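Values in this text are rule-based calculations from the coordinates and carry no lab data. Source: prediction; values computed, not measured. Methodologically, a virtual Cβ is constructed for each residue, glycine included, from the backbone with ideal geometry; neighbour enumeration extends over all protein chains shown.
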Amino acid sequence: MRKIILSILLFHWLTAATAQQQYSKAINEKIARVETTLSGGIVIDGKLYTLAERMKHYNVAGLSVAVIDKYRIVWAKGYGYADKKQNRKVTANTMFEPGSISKSLNAVGILQLAQHGKLDLYQDINQYLVNWKFPYDTVSPDKKITTAQLLSHTAGLTVHGFPGYQRDSTIAGVTDILDGRAPSNTEAVRSFTEPGKEARYSGGGILITQQMLTDLTQQRYEQYMYEHVLRPLGMTNSSYNQPPAVSQRKNLATGYKSNGNEVPGKYFVYPEQAAAGLWTTPTDIGKYIIEMQQAYQGKSSKVINQEMVKLHTTPVKNDIAMGTYIQNRNGEKYFVHTASNEGFSGLFIGGLTNGKGAAIFVNSDDASIAFELVNSIALEYNWNGFSKPEQITTVPVNDTLTSKYIGEYIINGYYSEIRKEKDGLYFWTDGINSKLYFTSSNDFRNIELGGTKTFTFDNAGTVTGYSNTLNGRLLGTGQKITTLDTLKPRTGQSGPFGRHFLETKYYDKAIGFLSKGLEIEPSDSSLVKNSAHSYLFKGDFTKAIELYRQYLKSGYTENELSKSLKNDFEYFRNAGFDQSVIKKASEILSL
């Protein structure tokens, strides 16, 4: 046993981590076990991973983590590189830009205004907006939008998220973004359905709360949030400054794409501060988690009281609360939020009553490693509701059979694809590409995705689809796609799937799925744009230009749509697509 512990400690000492603080022997042993026992929900053939191995696997440059136990941060640590070119290591004080976690702290600021009587969470938002008003239309003629609905993504609004701006580009102002007016790179924030009807994530709705806060307080958003939320929480290594102050730059992580390429300008600027603009550290997010845990139990009220914290952590619809998501794990409740900005991603999780939690950030588009690290932390610190990973044994499956599995599928309205890569078959869905591990000739598992998937066959031995079960419960039965005519995808599914095929250069498939999407959502201009891209790179230049011109007349100002096309063309140039046709199309369209 002593040799095992010494080996673990030796590995811990040899990692590329930069130590920021000295810990006791007991804590160091816990850290070492966390670092050497990573897994997803399953362990394949007994193989556990080291943190270093998974960082390499996911091509993650740098990672930072803080761990909470018994309502205190017990350790925090950085791994890898904040900036590879500068050879600058991640420390516990390195600041990341973890996107939508901004929404959780923003919610605290808005709830604080409600607590102080500055706004009523359940009244019409236009009572509190001064420099911009929400333009109600025929989608919601009688039911007014409330602040509570904005915070819980139940206001029925458009604009899921924000792409950010390169540092050397013209940065749009908040009201321009809300109205989709140049130089905004997103559409106007408007109603798609009546408020309160359903939960649908809307960064656009959160941006409205940013405008509301500045109108009510007559302060710059970043100033108010620092003085009234961040500093009282002890989050002095955090800031909503966009762009960050010059004095902070030496402490900022550089963002990287999942392929390892540096984000242009090292990071993007997000004037949508409430939705995506927070720069922070896991340690600072840990302070927020602990305060919410204490206030939830009535033991503290540094920024908001128990009543407001319960609004912050109680679902309004489904699992969405005002600023957080709630996980009920066999009776143990956790409040969580994930995040993704250009070149950054991460998550936080805190138990409502058990004093445990963690925050993990990476300077990569891919946050898969963060979920594996949470599993390792949860097991080491005995988090209720987290089970030990399931141990599975794989079996070999011959190529003749696996070749039958390759293709596209639809299950519960969601698209997926199975494709052969160098080291086996991979399953793609919703942006996640995960290797298939066969446990029988027709059953497979994925590390990144839950459930057991079982291929189904007809009497002739042809693959017809697959079923997905979790803990013995059937989650859905899918079909293999042989024709698009009978498919009934969920709203919003055809676009991402078509884009996936476009980016992987399967242009005919992209066109097929995008066309199917247009049948269902004829007003979705992004489907027209991606269809045009597909025809362009396929070689049908005339059809591409026809569709581009249709896109440029699809309802928003041509200047805004031209900017969107320019951004796409820049992406395709960087991704190695045919630059000659991009140049030719740009010239004809006067981009």
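Of the cross-linked pairs K56/K317; K103/K302; K299/K333; K488/K509; K250/K310; K118/K299, which ones have a Cα-Cα span greater than 28 Å in the structure shown? Result: K56/K317; K250/K310 exceed 28 Å.
Stretched out straight at 0.36 nm per residue, the stretch from E390 to T477 would grow longer than its current Cα-Cα span by 29.0 nm. Alpha-carbon geometry of segment 210-341: the Rg and the Dmax are 16.4, 47 Å, given in that order.
Each peptide in 574-586, 302-314 was scored by the mean count of other Cβ atoms within 10 Å over its residues; highest first, the order is 302-314, 574-586. Each peptide among 186-198, 88-100, 125-137 gets the average number of other Cβ atoms lying within 10 Å of its residues, and from highest to lowest they stand as 88-100, 186-198, 125-137. Taking a straight line from the alpha carbon of K480, these aspartates and glutamates sit under 14 Å away, with near neighbours fewer than eight places off in the same chain left out: E408, E417, D458. When the pairs K84/K435; K47/K84; K89/K563; K266/K584 are compared against a 32 Å limit on Cα-Cα distance, K89/K563 fall above it. Using every pair of distinct Cα positions in segment 494-588, the Kirkwood expression returns a hydrodynamic radius of 13.0 angstrom. Here the relative contact order of segment 394-480, from alpha carbon pairs under 8 Å that lie six or more residues apart, stands at 23 percent. In this simple spin-label model, placing a label point 7 Å from the Cα along the Cα-to-Cβ direction at both T193 and R33 gives a separation of 4.6 nm. With the simple model of a label 7 Å out from the Cα in the direction of the Cβ, N126 to R72 spans 5.3 nm.
Of interest is the spacing of the C-alpha centroids, which for segment 422-457 and segment 498-545 amounts to 27 Å. Taken as Cα centroids, segment 358-384 and segment 199-264 sit 23 Å apart, rounded to the nearest whole angstrom.
Starting from the Cα of T491, step 7 Å toward the Cβ, then list every residue of segment 182-201 with an amide N under 12 Å from that point. The answer is 191-195, 197-201. Dividing the Cα radius of gyration of segment 394-480 by 2.2 N^0.38 Å, with N the residue count, gives 0.99.
Averaging the Cα positions of each part gives two centres, and for segment 90-119 and segment 160-184 these lie 21 Å apart. Each peptide in 29-40, 266-277 gets a packing score, the mean of other Cβ atoms within 10 Å over its residues, and the list from highest to lowest is 266-277, 29-40.
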